[in-house]
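Student: Just dropping this structure here.
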Amino acid sequence: MKKFSKLVLSFLLVGTVGLVGCSNNNGGTSTATPEATQEAAAPAATQEAAPAATQAASTGLSKATVLSADQLPITGIGTTVATDIKAKGSYKIGYIAKNTTNPYMVAQSAGVAKAGEDMGFEAITQAPSTADSVEEQVKLMENMIQQGANAIIVHCADSNGIMPGVRAAQEAGVIVLTIGTPAAEDTFLRTGVDYYETGYTIAKDMAEELGGKGNIIILEGPAGAANAIERLNGIKDAFKDYPGIEIVASQTANFKRTEGMSVTENLLQKYTDVQGIIGANDESALGAVQALKAAGVEGVLVSGFDGSVDAANAVLNGDMFESYNTDPYGSGYIAAAYAVRYLDDGVEPEAKFIPFPTSNNDPLINSSTVQSYIDEYAWFNAVQ
Amino acid sequence: MKNLWQSIKESRAFYSLIGLVVLVIASSIIAPSFRTVNNMITIFRQASLLLILSSGLTAVLLTGTMDLSVGATAGFVGCVVAQLIKHDMNVAVATLIGLLIGVVIGLINGTLAGILPGFIATYGTNWVIAGLGIVVMQGAVIYDLPPAFTQLGVGYLGAIPNLVIFASVVVLILYILLSNTTLGRKIYQYGSNPVAAKYAAMPTRRVVLSAFVICSVCAAFAGMLMTARLNAADAAMGDTYGLQTVAAAVIGGTSQKGGEGGVLGTIAGALILTIVVNIMNLTGIPSQAQGLVIGSVIIIMVLIDTITRKRQESKMN
């Protein structure tokens with residue numbers, strides 16, 4: 001009996017952890033760091049069309065500077081990207097992906113390779129053999145410096161972990177450009193999407209579609225992942241402008257389809273009156289789509305991010321409302337264009353962080369754009 | 001009646017079953033939406049895949065070895081079957097091929113585990129199988145499979161989800177196999193004392209091999225159901241289940257040293273892990289704290305089991 005009471009006690013403890021967590025979360029919003037949200041809210045309020053910028057999760061990095069489409073060194077988006085820039089010398093430009101398995105990374109690599117063909121430089125594209133290994137990325141950077149690369153474009157697996165490579169490049173006079181996840185300090189340029197802006201844009205469009213009213217579920221990314229947190233802050237800030245919108249639940253689905261499905265199933269048990277679900281990426285959003293289908297629930301708007309093949313097809317079928325074309329192909333291409341322009345004429349980019357694509361590049365994939373997206377410019381067409 | 005109580009109390013599953021009951025009661029008090037029929041069905045449906053995977057793994061654990069390749073096997077077979085069906089193969093034939101792949105993987109794992117420590121051997125095959133999955137998929141995701149296949153994962157028989165029926169059948173078969181057949185008794189005997197089993201002229205290699213085949217076939221079956229449920233296949237989809245499967249069996253009281261435990265406890269273990277996530281979603285525990293809670297539950301459950309067992313052993317001595 002003594003043993004039994006101890007057992008009950010330990011379970012009560014676990015239960016208490018649960019209750020504490022529960023009471024912390026009553027407002028439905030709990031995760032945003034105050035500085036990040038305040039800084040982010042100000043520009044969002046002043047600039048109606050393009051909610052420009054947020055501070056990156058780590059301090060000291062430059063904010064996003066959004067340029068209009070005609071200020072960029074390239075035209076188009078996805079597979080339609082093009083540029084007038086030509087390499088005036090024989091340059092070697094290296095690109096380091098996070099892994100070789102994710103089609104997103106494969107497309108980015110293809111974007112840099114295409115840039116090499118168009119502009120006339122030698123593109124060396126590589127990726128760590130262990131997926132997402134930042135240590136290997138640093139080694140690859142060192143090798144590229146040895147090979148005499150003039151510029152290195154890297155999709156960092158980790159902001160801090162990549163720094164030894166960045167320093168080595170700087171000492172050797174090689175410029176470093178990052179896409180997506182930035183290095184811990186400003187480099188020559190950061191491009192790729194501004195995660196905050198992607199979240200803001202998708203959420204704002206959902207709110208408009210719902211007429212400013214409705215209950216929303218958010219499927220967060222992995223706890224602690226900087227890009228997922230920035231995106232979440234963007235989503236929450238956008239909904240703040242709509243008093244009729246309530247975020248009824250915000251739970252992690254770890255960017256995974258299986259978890260997106262099971263978490264949505266669980267939440268549908270409690271929240272029967274839901275109008276919208278936003279997944280932190282397409283995979284979790286597609287899990288939500290499956291859960292809604294299995295439960296026979298119709299009329300819920302589901303949005304995600306990345307414009308993957310499946311998401312595009314789901315939008316086409318009417319299963320998904322919207323996805324954000326985060327265009328890895330064009331991001332690789334534009335990074336190369338900035339590098340070549342600098343190597344040619346010493347022209348520095350206008351800022352340290354110029355996101356691409358942004359809401360200025362028509363990144364939204366919905367019922368009115370999905371057909372042309374799939375037929376004409378989807379980034380995944382470059383890798384299939 | 002007293003005998004039944006005694007035997008339940010002495011079984012390895014006792015504490016995990018109590019843990020399950022306490023968790024259900026606590027959850028019902030905390031969240032009204034927990035104690036609905038629909039939510040119960042949801043929990044059973046979600047637990048189904050984990051149940052099939054971890055019941056299969058229980059057979060391997062009972063022989064005193066380990067199979068870390070369960071998640072990768074499930075993902076790989078799910079991908080292969082999805083590819084076959086996408087290339088217009090008959091659903092029944094594709095499913096059969098999937099199960100055969102499970103047999104082959106089990107034979108390879110079992111053979112390697114006879115030479116190397118199972119932990120290392122299957123850690124290796126886990127990488128190989130996951131790598132094969134990526135090759136088969138070429139980095140892509142397959143979406144939209146025919147209803148004849150997806151019905152396996154999302155359909156119902158009356159009010160009961162197909163998945164729950166499949167899981168129940170698998171668990172029942174494994175329960176009978178392990179506790180009421182010669183093979184099952186040999187698995188227990190070998191696990192509790194490999195040396196004695198060898199001297200008793202038991203075909204030990206064949207016993208271990210059988211356990212691995214059982215485990216991999218279960219994984220293959222679960223992988224196909226996973227694909228059917230998601231209506232999609234991608235190479236990484238088994239990742240979520242890899243170590244969770246081990247946790248479910250161990251929480252259920254199956255000893256990693258072999259010879260002790262069984263499917264009954266594994267059912268409790270799989271349900272506990274599923275309910276913990278369910279109740280966290282329903283009560284809105286912040287994402288940052290969820291890993292912490294799951295980890296704590298696993299540690300507390302295994303701790304209780306280990307401590308009480310040590311006490312019982314010292315009492316007997």
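The values are calculated or read from the model by the stated rules, or taken from the named source; none is laboratory data. Fair warning: this is a prediction, and the values are worked out from it, not measured in the lab. Note: ideal-geometry Cβ built from the backbone for every residue, glycine included; neighbour counts use all protein chains shown. Surface areas here come from the heavy atoms of the whole protein model, side chains and all, with no ligands, DNA or RNA. Shrake-Rupley method; radii C 1.70, N 1.55, O 1.52, S 1.80 Å.
Student: In whole percent, and with a 1.4 Å probe on the protein chains, what portion of the accessible area of segment B:45-304 is carbon and sulfur? Spell out each step's value before the answer.
Tutor: Details: 6930 of 9860 Å².
C and S fraction of accessible area: 70 percent.
Student: Taking one equal scatterer on every alpha-carbon of segment A:244-384, how large is log10 of I(q)/I(0) by Debye at q = 0.14, 0.19, 0.21, 0.22 1/Å?
Tutor: -0.71, -1.06, -1.20, -1.27
Student: Would you mind calculating the gained length between residue A:185 and residue A:139 on full extension (0.36 nm times residue separation, minus the Cα-Cα distance), in nm to one decimal? Provide the component values of the computation, followed by the final result.
Tutor: Details: separation 46, 0.36 × 46 = 16.56 nm, distance 1.90 nm.
Fully extending the segment from residue A:185 to residue A:139 adds 14.7 nm.
Student: Identify, among B:145, B:114, B:91, the residue whose Cα sits farthest towards the positive end of the charge dipole of segment B:45-304, taking +1 on the Cβ of Lys and Arg and -1 on the Cβ of Asp and Glu, with the dipole about the Cα centre.
Tutor: Checking the options against the dipole of segment B:45-304, the answer is B:114.
Student: Let me ask something additional. Given R₀ = 45 Å, FRET efficiency for residue A:69-residue A:271 by Cβ-Cβ distance, to 0.05?
Tutor: On the way: r = 39 Å, r/R0 = 0.88.
Approximately 0.70, to the nearest 0.05.
Student: Report, in debye and to the nearest 20, how large the dipole of segment B:45-304 comes out about its Cα centre when Lys and Arg carry +1 and Asp and Glu carry -1 on their Cβ.
Tutor: Working: 9 positive and 6 negative charges, 127 e Å.
Here segment B:45-304 has a charge dipole of around 620 debye.
Student: I've got another one for you. How large is ³J(HN,Hα), in whole Hz, for each residue of segment B:119-131 in order, when computed from phi with the Karplus curve 6.51 cos²θ - 1.76 cosθ + 1.60 and θ = phi - 60°, using x for Gly and Pro?
Tutor: Per residue, the Karplus-derived 3J(HN,Hα) values read 4, 6, 4, 7, 4, x, 5, 4, 5, 4, 5, 4, x Hz.
Student: Further question: Going by the alpha-carbon gyration tensor, a ≥ b ≥ c the square roots of its eigenvalues, is chain B rounded (a/c under 1.5) or, if a/c is not under 1.5, prolate (a/b greater than b/c) versus oblate? Spell out each step's value before the answer.
Tutor: Working: a/c = 1.75, a/b = 1.12, b/c = 1.56.
Oblate.
Student: Quick one: among B:122, B:95, B:306, which has the greatest mean-square fluctuation in a GNM of chain B with alpha-carbon springs under 10 angstrom?
Tutor: Result for chain B, Cα springs under 10 Å: B:306 fluctuates most.
Student: Return one whole number: the accessible area per residue of chain B in Å², for a 1.4 Å probe.
Tutor: Working: 13650 Å² over 317 residues.
I get 43 Å² per residue for this part.
Student: Given H placed 1.01 Å from N in the peptide plane, which residues other than close sequence neighbours of residue B:260 have an amide H under 5 Å from its amide H?
Tutor: Hits under the 5 Å cutoff: B:255.
Student: In terms of Cα to Cα distance under 13 Å, which aspartates and glutamates are near enough to residue A:114, apart from those fewer than 8 places away along the same chain?
Tutor: Leaving aside aspartates and glutamates fewer than 8 places away in the same chain, those within reach of residue A:114 are A:122.
Student: If you don't mind, another one. Given A:215, A:290, A:267, which one lies farthest toward the positive end of the charge dipole of segment A:195-324, if we put +1 on the Cβ of every Lys and Arg and -1 on the Cβ of every Asp and Glu?
Tutor: A:267
Student: Something else: Using modelled amide H (1.01 Å from N, peptide plane; none on Pro or chain starts), what sits under 5 Å from the amide H of residue A:179, excluding residues fewer than 5 places away?
Tutor: A:154, A:155, A:156, A:191
Student: Within segment A:195-324, what whole-number % of the accessible surface is contributed by carbon and sulfur, with the 1.4 Å probe and all protein chains included in the calculation? List each step's numbers first, then the result.
Tutor: Values: 1780 of 3770 Å².
Reported share for carbon and sulfur atoms: 47 percent.
Student: Projecting each Cα onto the charge dipole of the protein assembly as shown (Lys/Arg +1, Asp/Glu -1 at the beta carbon, about the Cα centre), which of A:137, A:115, B:156 comes out farthest on the positive side?
Tutor: Most positive-ward Cα: B:156.
Student: Treat every Asp and Glu Cβ in segment A:166-317 as -1 and every Lys and Arg Cβ as +1, leave all other atoms uncharged, and give the resulting dipole magnitude about the Cα centre to the nearest 20 debye. Don't skip to the end; give the middle numbers.
Tutor: Numbers: 11 positive and 21 negative charges, 49 e Å.
Its charge dipole is roughly 240 debye.
Student: I'd like the Karplus ³J(HN,Hα) series for segment A:325-339: coefficients 6.51, -1.76, 1.60, θ = phi - 60°, whole numbers in Hz, and an x wherever there's a Gly or Pro.
Tutor: The phi angles translate into 6, 7, 5, x, 4, x, 4, x, 5, 5, 4, 4, 4, 5, 5 Hz.
Student: Of the listed peptides B:51-62, B:82-93, A:373-384, A:107-118, what is their order by residue-averaged count of other C-beta atoms within 10 Å, with the highest listed first?
Tutor: Packing order, densest peptide first, comes out as B:51-62, A:107-118, A:373-384, B:82-93.
Student: How big is the A/B interface in buried accessible area, both sides summed, 1.4 Å probe, to the nearest 100 Å²? Before the final figure, lay out each step's value.
Tutor: Values: alone 16740 and 15610 Å², together 28360 Å².
Approximately 4000 Å² gets buried when A meets B.
Student: Next up: Using a 10 Å cut-off on Cβ to Cβ distances, tally the other chain neighbours for every residue of B:272-285 and report the average as a whole number.
Tutor: 6
Student: Once label points are set 7 Å from the Cα along Cα→Cβ at both residue B:40 and residue B:138, what is their separation, rounded to one decimal in nm?
Tutor: The two pseudo-label positions are separated by 4.9 nm.
Student: Here's something else I'd like to know. Return the distance in nm (one decimal) between the two label points of a simple spin-label model at residue A:376 and residue B:156, each offset 7 Å from Cα along Cα→Cβ.
Tutor: My value for the distance between the label points is 4.5 nm.
Student: What does the charge dipole of the protein assembly as shown about its Cα centre add up to, to the nearest 20 debye, if the Cβ of each Lys and Arg holds +1 and the Cβ of each Asp and Glu holds -1? Walk me through the numbers before you get to the answer.
Tutor: Numbers: 40 positive and 53 negative charges, 904 e Å.
It comes to approximately 4340 debye.
Student: Compute the Cα gyration tensor for the protein assembly as shown, then decide on rounded, prolate or oblate, letting a ≥ b ≥ c be the square roots of its eigenvalues: rounded whenever a/c is under 1.5, prolate when a/b is larger than b/c in the other cases, and oblate in all that remain.
Tutor: prolate
Student: Would you kindly derive the ³J(HN,Hα) couplings of segment B:175-184 from the backbone phi angles with the Karplus curve 6.51 cos²θ - 1.76 cosθ + 1.60 (θ = phi - 60°), listing them in order in whole Hz, with x for Gly and Pro?
Tutor: 4, 5, 4, 7, 9, 10, 10, 4, 4, x
Student: Also, quick follow-up: For residue B:28 paired with residue A:88, estimate the spin-label separation in nm (one decimal), with each label point 7 Å from Cα along the Cα-to-Cβ line.
Tutor: 7.9 nm
Student: Taking square-rooted eigenvalues a ≥ b ≥ c of the alpha carbon gyration tensor, is segment A:195-324 rounded, prolate or oblate, where a/c under 1.5 means rounded and, failing that, a/b exceeding b/c means prolate? Could you put the intermediate results ahead of the total?
Tutor: Values: a/c = 1.24, a/b = 1.09, b/c = 1.14.
Since a/c stays below 1.5, the shape of segment A:195-324 is classed as rounded.
Student: Given B:257/B:310; A:240/A:270; A:88/A:352; A:63/A:88; A:256/A:293, which pairs have Cα atoms separated by over 21 Å? List each step's numbers first, then the result.
Tutor: Values: B:257/B:310 14 Å; A:240/A:270 23 Å; A:88/A:352 24 Å; A:63/A:88 31 Å; A:256/A:293 17 Å.
Over 21 Å Cα-Cα: A:240/A:270; A:88/A:352; A:63/A:88.
Student: If I take R0 = 56 Å and measure r between the Cβ atoms of residue A:167 and residue B:316 in this structure, what FRET efficiency does the formula 1/(1 + (r/R0)^6) give, to the nearest 0.05?
Tutor: Plugging the Cβ-Cβ distance into 1/(1 + (r/R0)^6) gives 0.35.
Student: Between residue A:241 and residue A:117, what FRET efficiency comes out of the Förster formula 1/(1 + (r/R0)^6) with R0 = 45 Å and r the beta carbon distance, rounded to 0.05?
Tutor: That gives a FRET efficiency of 0.55.
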